[in-house]
Structure formats: C-alpha cells, structure tokens
Amino acid sequence: MAFPQISRRALGLLLVIAAAAAIVSPATADEVVALTEADFEKEVGQDRGALVEFYAPWCGHCKKLAPEYEKLGASFKKAKSVLIAKVDCDEHKSVCSKYGVSGYPTIQWFPKGSLEPKKYEGQRSVEALAEFVNSEAGTNVKIAAIPSSVVVLTSETFDSIVLDETKDVLVEFYAPWCGHCKHLAPIYEKLASVFKQDDGVVIANIDADKHTDLAEKYGVSGFPTLKFFPKGNKAGEDYDGGRDLDDFVKFINEKCGTSRDPKGHLNQEAGLVPSLNPLVKEFLNAADDKRKEVLSKIEEDVAKLSGSAAKHGKIYVTAAKKIIDKGSDYTKKETERLHRMLEKSISPSKADEFIVKKNILSIFSS
C-alpha cells in the first residue's frame with residue numbers, strides 16, 4: 001500500500017500539534033510525580049526522601065488507593081525535602097523488579113541519598129501515610145483539605161438543580177452506612193473533579209437515608225443507585241454502566257457531548273464541529289481568490305448552529321479569516337504560540353480555551 005508524501009513543512013506542523021496535545025497545564029497536573037525507568041534514580045536517592053508507590057493500572061487495590069495517594073501528594077507538594085511518586089509497573093517492569101516488587105500496590109520509602117528502600121506496611125489512608133512520611137522525613141506536614149466538587153442535594157434543592165432543563169445531571173442516591181457507597185465515594189469525587197469546568201454537567205449525590213421521600217419517588221431500593229437526568233428527560237434514567245472512573249467519564253462524554261479524559265483534560269476532539277469539515281476542506285483546496293466565497297458559506301453554516309457548537313463555530317470563522325489575511329503560515333505560528341502558552345502556569349479554563357483553538361487549527365492544517 002502506497003502512502004502519500006508529506007512535505008517537511010507539513011511534518012513540522014504535525015509535530016508541533018502533537019507536542020501541544022501532550023502538554024498538561026500545571027494547574028491541572030497530577031499531584032503525584034510519575035517516574036520512569038529513565039528518571040527513577042535521577043529523582044530518588046538524591047537530596048530528598050521519597051515515598052514511591054509501585055502499582056499496576058488494572059489493580060483494584062491501586063485504584064482504591066489512588067485518591068488517598070493524590071491527597072498525600074497535594075499535601076506534600078511544597079515540602080522540598082520530600083518526593084511523593086509512583087511507578088507504573090506494567091510500563092516500567094525493570095524498575096519494579098529491581099526493588100523486589102511482587103504485588104500491587106507496593107509502597108516503599110527511600111531515605112535521602114539512599115536507594116535502599118524501607119517497605120511501608122501501614123494502613124493505606126492519607127492520614128496514616130502522612131504520619132509515616134512525617135516520621136521518616138522529620139517533617140510536620142498537615143493533610144491538605146481538598147474542596148469537594150460533588151453537589152450535595154437535599155429535598156429543598158433537588159428540583160431546582162436536577163430538573164434544570166439546561167443541565168445534564170448524574171445523581172447518586174447513597175446511604176452513609178453502605179459499604180459499596182464508601183467504595184464509590186473517591187471515584188465519584190474524582191468524576192466530579194473531571195467535569196468541574198463544564199457548566200452544563202452536574203455530578204451530584206443525596207443521602208437517601210435522610211431524604212426518603214426522594215428515594216421513594218425515584219424507586220430507589222438499593223445503594224448506591226445512580227440515575228441520569230439529561231436535559232431532555234427529567235424523568236430520569238437508570239445508570240447501569242461500570243463504576244470505574246473510565247466508565248463514568250465515557251458515559252458523560254457520550255451523553256453530554258463533552259470531551260474530557262479521566263484526568264480532566266480536554267481531548268483532541270474538543271471543540272470540533274464535524275458538520276463544518278466539508279467546508280473547511282473546500283476552503284483549503286480553493287484558490288486564494290476564491291477563499292472568501294467559501295468563508296461566506298462557513299459563516300452561513302455557523303449562523304445555523306446553537307449551543308457550544310455555535311461558540312466553537314466562530315473560532316472556525318476567525319481561523320479562516322486569519323488565513324486569508326495572514327497567509328497559510330498563520331496556523332503554524334498560532335499553534336506554536338498556543339504551545340508556548342500551554343507550557344505556562346495557566347488556569348484550567350484558559351487551558352481549555354487554548355486546547356479548543358489548537359484542535360480547530362489542526363483541522364485547517366490537514
């Protein structure tokens with residue numbers, strides 16, 4: 001099979017776009033440092049003590065530990081004498097083998113200046129982990145309070161939030177004594193954090209033991225029960241999907257038209273309006289003196305859009321105008337500028353804005 005040739009200029013542009021896609025805004029980065037085979041001994045055994053979790057992505061116990069470990073990382077982030085880190089043993093087998101890891105998660109403490117670890121055998125709560133690290137490192141770090149992104153409902157607020165026709169709402173009906181609810185809680189909290197930048201999405205819960213009237217109204221007979229109330233169906237529908245974070249994120253993206261990954265970052269589909277693709281192709285193939293005619297068609301189609309598609313459609317129009325005014329090099333230069341901006345410490349909302357623009361520019365570069 002023959003593959004089409006690609007110019008150096010086009011290849012360079014694709015590399016810039018790929019690099020920009022890989023950028024993670026510091027404002028939304030993980031609190032725990034992910035180590036690899038290449039950098040493990042550059043970070044561990046140096047001028048600070050290190051607590052390292054050796055884990056596997058498929059491990060249930062690792063998933064349960066993850067939110068506690070993230071809180072630990074957030075709490076010790078400013079402690080210069082301590083590193084909170086993790087290693088994916090599926091990806092970096094040699095590191096895990098070197099340090100005798102035979103089960104997951106394995107947590108080891110590496111003292112300052114040493115690659116001889118001490119295995120952590122305590123409880124896997126953030127409080128117990130912090131006490132251990134403080135003891136080993138001689139620090140006195142307190143657990144950082146992380147605000148909840150889950151909307152807590154009551155009988156008084158349920159209708160105004162859940163039945164709002166402008167919102168897609170996922171509701172967990174739970175009981176405080178329920179073991180399955182406790183297991184779900186950190187995953188559900190993470191889900192709420194993933195979509196906290198999306199105004200049209202609400203991740204909520206309600207204590208069904210306390211608000212029995214609503215539990216009865218919606219036929220709740222076991223815990224946790226999850227019901228989805230989309231904009232177009234405020235009678236609610238049962239959520240019967242998986243209860244891992246990936247399952248929930250996929251469900252919300254499909255149902256709500258969002259484009260998030262499990263870390264809360266926008267993916268490469270964010271902002272794209274597929275219905276405009278034929279006109280973009282026509283615009284790119286048109287002679288310079290014919291592009292204004294195609295631009296008029298794009299403007300007409302964008303005027304018919306609504307909601308977020310209308311907002312993003314305006315970026316298509318602006319990109320086409322800039323290409324007409326400044327030439328085809330505009331997409332490359334603007335993508336490079338966005339790449340530089342995404343490397344800086346910027347707010348999550350600003351990062352979203354730049355990623356959407358970058359994704360749309362990639363369509364005009366293809």
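Identify the residue in the range 328-348 that is at pLDDT 90 or above and hydroxyl-bearing (Ser, Thr, Tyr) and, among all such residues, is surrounded by the most Cβ atoms within 10 Å (Cβ to Cβ).
Per the stated criteria, the residue is 331.
Which condition does residue 240 not pass, out of (1) assigned to a loop (DSSP other than H, G, I, E, B); (2) touching a helix residue (DSSP H, G or I) at 6+ places or on another chain (Cβ under 7 Å); (3) of a type in the set (Asp, Glu), if it passes all the others?
Single failed check for residue 240: (2).
Yes or no: residue 325 assigned to a helix (DSSP H, G or I), exposed (fewer than 14 other Cβ atoms within 10 Å of the Cβ) and charged (D, E, K, R)? Spell out the reasoning first.
On the way: assigned to a helix (DSSP H, G or I): yes; exposed (fewer than 14 other Cβ atoms within 10 Å of the Cβ): yes; charged (D, E, K, R): yes.
In short, yes.
Give just the number: which of (1) in contact with a Phe, Trp or Tyr (Cβ under 7 Å, 6 or more places away or on another chain); (2) crowded, with 20+ Cβ neighbours inside 10 Å does residue 255 not satisfy?
(2)
From 279, 272, 305, grab the single residue that is of a type in the set (A, V, I, L, M, F, W, C) and in a helix (DSSP H, G or I). Spell out how you get there, then give the answer.
Details: 272 fails: in a helix (DSSP H, G or I); 305 fails: in a helix (DSSP H, G or I).
The match here is 279.
Test of understanding: among 316, 330, which residue is without any contact (Cβ under 8 Å) to a residue 24 or more places away in the chain, under 13 Å from residue 365 (Cα atoms) and in contact with a helix residue (DSSP H, G or I) (Cβ under 6 Å, 6 or more places away or on another chain)?
Only one candidate passes the filter, namely 330.
So which residues in the range 210-252 are without any contact (Cβ under 8 Å) to a residue 60 or more places away in the chain, touching a Phe, Trp or Tyr at 6+ places or on another chain (Cβ under 6 Å), surrounded by 15 or more Cβ atoms within 10 Å (Cβ to Cβ) and closer than 21 Å to residue 67 by Cβ?
Answer for the range 210-252, where residues must be without any contact (Cβ under 8 Å) to a residue 60 or more places away in the chain, touching a Phe, Trp or Tyr at 6+ places or on another chain (Cβ under 6 Å), surrounded by 15 or more Cβ atoms within 10 Å (Cβ to Cβ) and closer than 21 Å to residue 67 by Cβ: 223, 224, 226.
Collect the residues in the range 146-180 that are assigned to a loop (DSSP other than H, G, I, E, B) and out of contact with any helix residue (DSSP H, G or I) (no Cβ under 8 Å at 6 or more places or on another chain), keeping them in residue-number order.
So the first thing to find is which residues in the range 146-180 are assigned to a loop (DSSP other than H, G, I, E, B), and the list is 146-150, 153-157, 163-167, 175-178.
Across the range 146-180, the qualifying residues are 147, 154, 156, 157, 163, 164, 165, 166, 176, 177, 178.
Please list, ordered by first then second residue, the pairs with beta carbon atoms under 8 Å, 6 or more apart or interchain, first in the range 34-49 and in the same structural domain as residue 74 (by the TED database), second open to solvent by 70 Å² or more (accessible area, probe 1.4 Å) and assigned to a loop (DSSP other than H, G, I, E, B).
36/91; 46/112; 47/112; 48/80; 48/112; 49/112
Those residues that are touching a residue at least 24 places away in the same chain (Cβ under 8 Å) and assigned to a loop (DSSP other than H, G, I, E, B), I need them from the range 181-209; list them, please. Break it down stepwise before answering.
Taking the range 181-209 first, the residues touching a residue at least 24 places away in the same chain (Cβ under 8 Å) are 181, 183-184, 186-198, 200-209.
Result: 195, 196, 197, 198, 200, 208, 209.
So in the range 328-366, with the set limited to residues that are assigned to a loop (DSSP other than H, G, I, E, B) and not aliphatic (A, V, I, L, M), which one is nearest to residue 275 (Cα to Cα)? Outline the logic, then answer.
Restricting attention to the range 328-366, the residues satisfying the condition of being assigned to a loop (DSSP other than H, G, I, E, B) are 328, 343-347, 364-366.
Applying the additional criterion that residues be not aliphatic (A, V, I, L, M) yields 328, 343-345, 347, 364-366.
Numbers: 328: 22, 343: 31, 344: 33, 345: 34, 347: 30, 364: 14, 365: 17, 366: 16 Å.
By that ranking, first place goes to 364.
Could we say that residue 219 is part of a loop (DSSP other than H, G, I, E, B), among the small types (Gly, Ala, Ser) and either on the phi > 0 side of the Ramachandran plot or in contact with a strand residue (DSSP E or B) (Cβ under 8 Å, 6 or more places away or on another chain) (or both) here?
Details: part of a loop (DSSP other than H, G, I, E, B): yes; among the small types (Gly, Ala, Ser): yes; either on the phi > 0 side of the Ramachandran plot or in contact with a strand residue (DSSP E or B) (Cβ under 8 Å, 6 or more places away or on another chain) (or both): yes.
So residue 219 fits the description; yes.
With 91, 116, 70 as the choices, which residue is open to solvent by less than 60 Å² (accessible area, probe 1.4 Å) and either over 22 Å from the mean Cα position of the chain (by Cα) or outside the structural domain of residue 187 (by the TED database) (or both)?
70
So which residues in the range 190-209 are out of contact with any Ser or Thr (no Cβ under 8 Å at 6 or more places or on another chain) and surrounded by 13 or more Cβ atoms within 10 Å (Cβ to Cβ)?
Hits for the range 190-209 are 190, 191, 194, 202, 204, 205, 207, 209.
The values are calculated or read from the model by the stated rules, or taken from the named source; none is laboratory data. A quick note: this is a predicted structure, and the numbers were derived from the prediction, not measured. In this analysis, Cβ positions are derived from the backbone assuming ideal geometry, glycine residues included, and neighbour counts consider all displayed protein chains. These area figures cover heavy atoms from the full protein model, side chains too; ligands, DNA and RNA do not enter into them. Shrake-Rupley method; radii C 1.70, N 1.55, O 1.52, S 1.80 Å.
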